[in-house]
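Student: I have a structure here, written as structure tokens, and I will follow up with some questions on it.
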Amino acid sequence: MPIDGEVPQISVFPVAALAVVLTLVPAVAGAQIYAWRDASGTLVLSDRELNAPTKIYEVPGAPSYRTTTATTADGRPAAAPRFDDIVVAHAQRHALRPELVRAVIQVESGYNPAATSPKGAMGLMQLMPATARELGVRNPYDPEENIRGGTAYLRQLLDRYEGNEQLALAAYNAGSGAVDRYGRSVPPYRETRDYVKKVGLKAGAGTGSRNKVVIYKSIEIIDGRAIPRYSTRRPAGGTFEIIRR
């Protein structure tokens, strides 16, 4: 959904063409139609927002259009990456960049839900036992619970440090007490500084102040699926939506 009054930047196409396409798409009473055009010009129409990889179908007689509902035969949605649906859902719930959550998981556990650190951190986002208890995470090795708790914790840290991702990541690694002891800056621990750098590189831009971050959402079509992409770089082609600043 657009944030702070931002409106999705959607290309204009002929009304007559839209009318033809809509006659080919099963109607839903009172439903809103979402339209996205990928970089190659293919238009995707859906009765819901696309927040996860979704199987799409050709529209007979309209080769440059795709829909998320089959128009000629039944079909099942393509399987999403193993944890990405969970990542996107909880990232959106806490107004986090999905890239940031993915990067934390990659650096913390290498996407191994059974990972345990020598210090006792557990699961995908390496929650410490005390942190897991505070967040109500009963089974830190369950991907859904772990990501739910980890994203909630990241949100708490971002709020504490006014949206500064570098400080939030430093606190995630070394604890907020360490960050505060060094004047609300990244502590001079080699491990922590390496951690902040690694996660920042994998997550892309956006590690400074909240007001400097602009996230763009676009749609890419790959192997019959509409894949939502999130980036801090404005897409070179197609339509896009500004998620948050």
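Laboratory data are not the source of any read-out in this text; all were calculated from the coordinates shown. Predicted model only: the values in this text are computed from it and were never measured. A quick note on method: Cβ atoms are made from the backbone with ideal geometry, for glycine too, and the neighbour counts reach across all protein chains shown.
Student: 5 Å is the cut-off here: which amide hydrogens, built 1.01 Å from N in the peptide plane, fall below it relative to MET128, excluding neighbours closer than 5 in sequence?
Tutor: MET122
Student: Determine which lysines satisfy two conditions relative to LYS55: a Cα distance under 23 Å, and not lying fewer than 8 residues away in the same chain.
Tutor: LYS217
Student: Pull up all non-local amide H partners of TYR189: gap of 5 or more, or a different chain, and H-to-H distance under 5 Å with H placed in the peptide plane.
Tutor: Hits under the 5 Å cutoff: none.
Student: Ranked from highest to lowest mean number of other Cβ atoms within 10 Å per residue, what is the order of the peptides 161-170, 137-146?
Tutor: Ranked by mean Cβ neighbours within 10 Å, highest first: 161-170, 137-146.
Student: At 0.36 nm per residue, and after removing the present C-alpha to C-alpha distance, how many nm does the segment from MET128 to ARG93 gain when stretched out fully?
Tutor: 10.4 nm
Student: Take the Cα gyration tensor of the stretch 98-212, multiply each eigenvalue by 5, square-root it, and list the three semi-axes largest first, rounded to whole angstrom.
Tutor: The three semi-axes for the stretch 98-212 are 21, 15, 14 Å.
Student: Efficiency by 1/(1 + (r/R0)^6): what FRET value for ARG138 and LYS202, r their Cβ-Cβ distance, R0 = 30 Å, to the nearest 0.05?
Tutor: 0.55
Student: Another question about this same structure. Around ASN173, what is the net charge, scoring Lys/Arg as +1 and Asp/Glu as -1 over all other residues with Cβ under 13 Å from its Cβ?
Tutor: Result for the neighbourhood of ASN173: +1.
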